[in-house]
1. Please give me, ordered by residue number, the chymotrypsin sites (Phe, Trp or Tyr not before Pro) of the chain that lie in loop per DSSP and have at most 12 other Cβ atoms within 10 Å.
2. Report, in degrees rounded to the nearest 10, the 0 to 90 angle that the Cα long axis of helix 56-66 makes with the longest principal axis of the chain.
3. Compute the helix-to-body angle for 31-48: its Cα long axis versus the longest principal axis of the chain, expressed 0 to 90° and rounded to tens.
4. For the chain, what number results from the quotient of the Cα radius of gyration and 2.2 N^0.38 Å?
5. Suppose a student asked you for the relative contact order of the chain, using Cα pairs under 8 Å spaced at least 6 residues apart; what percent would you report?
6. Which one, LEU14, LEU41, LEU67, has the greatest fluctuation when you compute a Gaussian network model over the chain with C-alpha springs under 10 angstrom?
7. Skipping prolines and chain starts, which residues have an amide H placed within reach, meaning under 5 Å, of the one on ALA70, given they are 5 or more residues away or on another chain?
Amino acid sequence: MNLGQAVAVCLYELIRKAAAPKPDQRKPASAEELDRFTRLLTEVLELSGYVHSDSSPEKIRRLVRRLNLAGHDAEVWLGMMRQIEWKLKSK
């Protein structure tokens, strides 16, 4: 193998490693965070008039669990829901 071929192989390996997808490093939301978010979301939906049947809270809970939220994302969503709740209550 000459020098040009060796450089090509080394560059190929560097590019291949850089292009490989990195595993998701996010810390998943805890059960407590998901429960708080579910309760607040249910409350906001009730305030808005969206929740109509008794089975809706269970459906909301299952939906939130399927979101696979990261801990930080759950906190951001909680902040947004608190703001929406405040606006709905102030009307």
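Every number here is computed from the coordinates shown, using simple stated rules; none is lab data. This structure is a prediction, so every number in the text was calculated from the model and none was measured. Don't worry about glycine lacking a Cβ; one is built from the backbone with ideal geometry, like all the others, and counts go over all protein chains shown.
1. Loop-located and lightly packed - TYR50.
2. Long axis of 56-66 versus the principal axis of the chain: about 10 degrees.
3. With rounding to tens, the tilt is 50 degrees.
4. Values: Rg = 23.2 Å, N = 91, 2.2 N^0.38 = 12.2 Å.
Its radius of gyration relative to the 2.2 N^0.38 Å reference: 1.90.
5. Numbers: 48 pairs, mean separation 36.2, N = 91.
After rounding, I find 40 percent.
6. Among LEU14, LEU41, LEU67, the largest GNM mean-square fluctuation belongs to LEU14.
7. Close amide H contacts, sequence-distant or interchain: ALA29.
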